[in-house]
Amino acid sequence: MYLFSVSVLCICALLQAQPVSDTRTLIQLETTWNDAHLKADAATLDGLWADDLDVVVPKMKPMSKAQSLAFAHSGRMHFQRYDTSDIKIRVYGDAAVVTGRLQRVRTIDEKQVADDWRFVKVYARQSGRWRVVLFQASEAAQP
């Protein structure tokens, strides 16, 4: 009976630790995402994005992973600022939802643009790695 009780406690502890570990990993991936955009690091973004990625952002047509990578490789856009805040992470087994605010300043075709968005990012754990399957943003409400 004692061994059974200890085993149950260990399993419960592991189940509780998993979301904390996943949350830490997802926080790191969010930082990696932001840094990759600032550095125009398409190779890092390629590794973060699932093959079936969908990107839906204001004033642009929805894009697939291939289209998003082609745009990243084009060199048409450079970020001067890429900051997230109000981050909330929810883990549901092998899926996670990250929401927050994204404030960025970018130069596109030699024109500077400032964005203030609310975003939803959906991650899926694929072959043991978290990958982004959806990034969707909309204009943030202004106070």
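The values are calculated or read from the model by the stated rules, or taken from the named source; none is laboratory data. Keep in mind that this is a model prediction, so the values were computed, not measured. Quick reminder, even Gly has a Cβ in these numbers, built from the backbone with ideal geometry, and neighbours come from all protein chains shown.
Okay, here's what the table says:
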{"read-out": "Enumeration of residues in segment 54-89 that are touching a Ser or Thr at 6+ places or on another chain (Cβ under 9 Å), at pLDDT below 95 and at positive phi", "value": "none"}
{"read-out": "Residue, nearest to residue 105 (Cα to Cα), within segment 21-44, restricted to residues that are exposed (fewer than 14 other Cβ atoms within 10 Å of the Cβ) and hydroxyl-bearing (Ser, Thr, Tyr)", "value": "31"}
{"read-out": "Number of the condition not met by residue 46 [criteria: (1) touching a residue at least 24 places away in the same chain (Cβ under 8 Å); (2) closer than 24 Å to residue 24 by Cβ]", "value": "(1)"}
{"read-out": "Meets criteria (small (Gly, Ala, Ser), without any contact (Cβ under 8 Å) to a residue 40 or more places away in the chain and closer than 30 Å to residue 20 by Cβ) for residue 140", "value": "yes"}
{"read-out": "Any hit, segment 118-128, residues being in contact with a Pro (Cβ under 8 Å, 6 or more places away or on another chain), within 15 Å of residue 60 (Cβ to Cβ) and of a type in the set (A, V, I, L, M, F, W, C)", "value": "no"}
{"read-out": "Residue in segment 46-53 that is more than 14 Å from residue 130 (Cα to Cα) and modelled with pLDDT of 95 or more present", "value": "no"}
